[in-house]
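Undergrad: I am attaching a structure below and will ask some questions about it afterwards.
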Amino acid sequence: MATRSSRSPTGTALVTGATSGIGAEFARQLAHAGYDVVLVARNSARLEAMATELRDTARITVEVISADLTNATERELVESRLKSATNPITYLVNNAGYGLPQEFDTNSVDDEARMLELLATVPMRLSHAVLGGMLARGAGTVLTVASIAGEAPLGLYSAAKAWPLSFSRWANAHYRGRGVTFAALAPGFVRTEFHARLGIEREAMAPKWMWLEAEFVVRSALRSAARGRAVSIPSVRYKFLWALMKLAQPLILLFVARASRAAHEPAS
Ligand SMILES: NC(=O)c1ccc[n+]([C@@H]2O[C@H](COP(=O)([O-])OP(=O)(O)OC[C@H]3O[C@@H](n4cnc5c(N)ncnc54)[C@H](OP(=O)(O)O)[C@@H]3O)[C@@H](O)[C@H]2O)c1
């Protein structure tokens, strides 16, 4: 891991889950906007490949930290990098995440707890680690990847994704006057490795028109955060769905209850 000071006038961005999908795109766009970057994920070979790509194409300084963010000892490496006063992080992207393939009652409680930790506790800890320095300097951005699912009552993944939405709304109102922007990105379906890791075919998940490209999603999120907005929902179709979902929450719950009864009713 390199430790030299950032040469970039924009500073240094730390991106978790930077080896694939939305996180890789954040790393690319921030690097090409002039940020030096710190890439975090578990797979060292993929981290090194991403670092080489960014050094070659964006000519910025790249550090890598190989860490499983649900492992306290490994996460500590990231927290201590976020607290650095000599080479400060000016932009944090809390992005690392995954879903679980089974239902809440059939998954082990440890698997559910690990997912909840990665999607809610880890961004909270990393935001806390970076915030003191950002407030002292009077500048910084903390962007956390939530999901449009955070507004729908659909399992523990949705409940965990509700956390960054609620927290970012409050934190942006509270800290923006002191120079620190908090923003949550709430995308719909994005073409990444997320669904393959779940073992689900994209076509079985949602119709073609619902899929977005990571490049577009990230560009919208960075623009929205630069304008100081607490929540970014990329694309008009998802802004519309978001409004509809808020109104339709009782109907969604009715549908969930009916589908569950139909699946579990003993055959007569
Ligand atoms: N794709 C969608 O449709 C969609 C929609 C809404 C929200 N999101 C959210 O977007 C975020 C990014 O997902 P994606 O779609 O880009 O998925 P992805 O392509 O599977 O990327 C996930 C990234 O997270 C890293 N990661 C996973 N577990 C980790 C851990 N324990 N510690 C450190 N890094 C870890 C992975 O790298 P390693 O495996 O090397 O660790 C990878 O870089 C997630 O928070 C997801 O919930 C996705």
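The values are calculated or read from the model by the stated rules, or taken from the named source; none is laboratory data. Please read all numbers here as calculations on a predicted model, not as lab measurements. Counting neighbours? That spans all protein chains shown, and the Cβs are built from the backbone with ideal geometry, glycine included. What goes into the accessible areas is simple: the full protein's heavy atoms, side chains included, and nothing from ligands, DNA or RNA. Shrake-Rupley method; radii C 1.70, N 1.55, O 1.52, S 1.80 Å.
Undergrad: Averaging sequence separations of C-alpha pairs under 8 Å and six or more residues apart, then dividing by the length of the chain, give the relative contact order as a whole percent.
TA: 16 percent
Undergrad: Now for a separate question. Mind jotting down the three principal axis lengths of the chain based on Cα atoms? Whole angstrom, largest first.
TA: 70, 39, 33
Undergrad: Starting from the amide H of Val64, placed 1.01 Å from N in the peptide plane, find each other amide H under 5 Å away whose residue is 5 or more places distant or on another chain.
TA: Distant-sequence amide H within range of Val64: Ala2, Leu39.
Undergrad: While we're on this one: First compute the accessible area of the chain with a 1.4 Å probe, then give the percent of it belonging to carbon and sulfur atoms.
TA: C and S atoms contribute 57 percent here.
Undergrad: Report, in degrees rounded to the nearest 10, the 0 to 90 angle that the Cα long axis of helix 236-247 makes with the longest principal axis of the chain.
TA: Value to nearest ten degrees: 50.
Undergrad: Provide the packing ranking of 63-73, 14-24, i.e. peptides ordered by the mean count of other C-beta atoms within 10 Å per residue, highest first. Kindly include the intermediate steps, with their values, before the conclusion.
TA: On the way: 63-73: 17.2, 14-24: 25.5.
Descending packing order for the listed peptides: 14-24, 63-73.
Undergrad: Distance in nm between label sites at Thr10 and Ala257, each 7 Å beyond Cα in the beta-carbon direction?
TA: 4.9 nm
Undergrad: Roll a 1.4 Å probe over the protein chains and send me the accessible area per residue for the chain in Å².
TA: 50 Å²
Undergrad: Normalise the Debye intensity by I(0) for the stretch 1-106, one equal point scatterer per Cα, no solvent, then take log10 at q = 0.16 Å⁻¹ and round to two decimals.
TA: After summing over all Cα pairs, the log10 values are -0.64.
Undergrad: According to a simple spin-label model (label point 7 Å from Cα along Cα-to-Cβ), what is the distance in nm between Arg55 and Val236?
TA: Simple spin-label model gives 4.5 nm for this pair.
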